Amino acid sequence: MAEGQIRQSLSGFYDVFSAGKMYRTRARGNFRKRRITPLVGDRVVFESSSPKEGYVLEILPRTNSLRRPPVSNIDQGVVVTAVAEPEFSTNLLDRQLIALEVSDITPVIYFTKTDLIDDARYQEFETLAEGYRNIGYAVCLTREPFAEEGLNQLKTTLADKETVIMGQTGAGKSTLLNHISPDLTLATGEISKALNRGRHTTRKVSLMPIAGGLVADTPGFSSYDTLTIDYRDLCHFFPEFVALADDCRFRGCVHINEPGCAVKESLADGKLLQSRYDNYVQLLTLLKNQKPVYNKKK
């Protein structure tokens, strides 16, 4: 028996990387009986009689997991965000950040297509980027798209980490990966296929070695699952609100109508991003009015 990491899954096969070699395995039948599905990124115990034949025996504890894409033990998520074409939306950006926070994955923001905006608009993004940095998020914004400074910052971020790349269609995810790792020697469109961003019916999921780390491009993370958290818990996924919560007059303050709210006081003083608060109120209202989904018995 040996330990390794699942690097790829395809049609019931799991490619496990261990001690510098890849082993093709299947999951033991009792996994299905227990309704356990191995995920790419899982640390596993396996046995193998040859590199082409083996079995996953045990899945070691996960730090986190995602449903779409089905990967586990993710350290961080790079949110690739175009400043134009497609039109920029703070609401979409904040929803992506919340999706990562809910899954206990560290977000990184990378702005693209800065060559499509004028200097005045770029200054607005400089101000916005600084607001996100003040929250505690790592942000990469450069005047020229894919400037060496920004790429080197991201390469350092990717090293020794397992990362998901997410963002709206057309935001420049594949182009960014091509700049980070030219040795892929793939055309932009081909990178999308290599990282499984083709048809959503694909059953292949994989991690690719890039910049000293492992990267999973994320089909499905550009069409977000409905958040199922309680609306009263939403504030826990806004780090700037969490930092102020102890100063609110009431425990369990959701920062809407309560008197003595430290979040609203900081907002009034201009210490918080208005767009973040507006998006929070909109999403909280949506969650509050969301009807529960019941699973029908077959």
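The values are calculated or read from the model by the stated rules, or taken from the named source; none is laboratory data. The structure displayed is predicted, hence computed values, not measured ones. A quick note on method: Cβ atoms are made from the backbone with ideal geometry, for glycine too, and the neighbour counts reach across all protein chains shown. Surface areas here come from the heavy atoms of the whole protein model, side chains and all, with no ligands, DNA or RNA. Shrake-Rupley method; radii C 1.70, N 1.55, O 1.52, S 1.80 Å.
In the set (1) within 30 Å of residue 235 (Cα to Cα); (2) out of contact with any helix residue (DSSP H, G or I) (no Cβ under 9 Å at 6 or more places or on another chain), the condition left unmet by residue 20 is number (1). Among the residues of the range 91-110, write down those that are crowded, with 20+ Cβ neighbours inside 10 Å and over 23 Å from residue 42 (Cα atoms). If the condition is that a residue be crowded, with 20+ Cβ neighbours inside 10 Å and over 23 Å from residue 42 (Cα atoms), then 93, 94, 96, 97, 98, 109, 110 are the ones that fit.
Of everything in the range 63-87, what is more than 16 Å from the chain's Cα centre (by Cα) and at pLDDT 95 or above? Give them in sequence order. The answer is 83, and nothing else. For first residues located in the range 283-298 and closer than 10 Å to residue 228 by Cα and of a type in the set (A, V, I, L, M), partners that are modelled with pLDDT of 80 or more and surrounded by 12 or more Cβ atoms within 10 Å (Cβ to Cβ) and lie 6+ apart or on another chain with Cβ distances below 8 Å form the pairs 287/229; 287/231; 287/234. Residue pairs whose Cβ atoms lie under 8 Å apart, sitting 6 or more positions apart in sequence or on different chains, and linking a residue in the range 12-32 that is touching a residue at least 40 places away in the same chain (Cβ under 8 Å) to a partner that is assigned to a loop (DSSP other than H, G, I, E, B), are 14/38.
Count of the range 24-44 residues, restricted to those that are buried (at least 17 other Cβ atoms within 10 Å of the Cβ) and either farther than 16 Å from residue 7 by Cβ or under 21 Å from the mean Cα position of the chain (by Cα) (or both), is 8. Residues of the range 45-85 that are touching a residue at least 40 places away in the same chain (Cβ under 8 Å), open to solvent by less than 40 Å² (accessible area, probe 1.4 Å) and either small (Gly, Ala, Ser) or part of a strand (DSSP E or B) (or both): 45, 46, 56, 71, 76, 77, 78, 79, 80, 81, 82. From the list 225, 230, 269, the one residue that fits, being at pLDDT 95 or above and out of contact with any His (no Cβ under 6 Å at 6 or more places or on another chain), is 269.
Listed by position, the strands (runs of 3 or more DSSP E) inside the range 141-220 whose residues that are modelled with pLDDT under 90 and under 19 Å from the mean Cα position of the chain (by Cα) number at least 2 are 162-166, 213-217. Exactly one residue among 88, 17 is open to solvent by less than 40 Å² (accessible area, probe 1.4 Å) and not basic (Lys, Arg), and that residue is 88. Of the residues that make up the range 114-136, is at least one part of a loop (DSSP other than H, G, I, E, B), surrounded by fewer than 17 Cβ atoms within 10 Å (Cβ to Cβ) and touching a residue at least 12 places away in the same chain (Cβ under 8 Å)? Looking for residues that are part of a loop (DSSP other than H, G, I, E, B), surrounded by fewer than 17 Cβ atoms within 10 Å (Cβ to Cβ) and touching a residue at least 12 places away in the same chain (Cβ under 8 Å), one finds at least one in the range 114-136, hence yes.
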